[in-house]
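The structure appears below as structure tokens.
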Amino acid sequence: MGRATWKKWAVVIGGVLVVTVLAFTFLKPSQSALAEEEVRASIGEQFAGTIQAFVHTKQNGVEVYQVTILTEAGLYGVLVDPYSGEILSLEQLADRKQIEPGENEGNAPGNSRLSVEQVKELIAGMVEEDVTIVEIEHRQRNERPFYAVVIEQREGSGKIEIDAISGEVLNYQVEEEPEKGHPGDEQPAQTITKQEAERIALEQVSGHVEDVDLEDEDGRLLYEVEIEIEGQDGDEATVLIDAVTGEVITIIWED
């Protein structure tokens, strides 16, 4: 086989190899996140502690696992790459001495409780950066002290319950805010005034208005206008008026 023929085959084989490499590159399945159990086990082994909270979220547009772990040294916040398992950051949220009383400090709850500032740091490391803490209240349930925290974040308002001793997240709920209406959307109906109801009633019945009441009849607001009929002693009429539209619904004559 001549040199020219070998060159042609070399070009063909090289092209096939390039196509094959590109095919494997583009057809390779996308990387999936590590299972939560796998990451929990890895973090637990590395830090020899107990995981208090585990959240799959985003920070600055990047997916991360946010882990809060209690160790002998204290309470830590850990950010983990969900795909490689690499630890991105490690921050101590509270010293162990601040979380639990020392051997000679007694068992008074006041000595072991997390401070409000520590709870704020814990929440800031657990949820999105734009979180706003509205209220923090210390409570107790079944002799277990905890902090009830109300927050505002991008998704809506939320409620978090955190163990006051260990920092464990006991409950985390977010209530999504309803979508804001657009200009022109229907607004809640407003009622006419009592004076307008009196005027409408007197157009139907001549006399003296004795009483005007706003009533709710099966979800429909009505004005009941009682009128003493002019020139007829003791005779009365009750005019029922739609409190929103001003429509006269009926007139009840009373002898």
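Structure data summary
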item	result
Inter-label distance for Thr50 and Glu117, nm, one decimal - labels placed 7 Å from Cα along Cα-to-Cβ	2.6 nm
Cα→Cβ-extended label distance, 7 Å offset, between Lys159 and Tyr83, nm	3.8 nm
In nm, spacing of pseudo-spin labels at Asp233 and Asn171 (7 Å Cα→C-beta vector)	6.8 nm
For Glu168, residues with placed amide H under 5 Å, excluding near neighbours	Asp163
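Every read-out reported here was derived from the displayed coordinates using simple, explicitly stated rules and does not represent laboratory data. Note that this is a predicted model, so its numbers are computed, not measured. We place every Cβ from the backbone using ideal geometry, glycine too, and count neighbours over all the protein chains shown.
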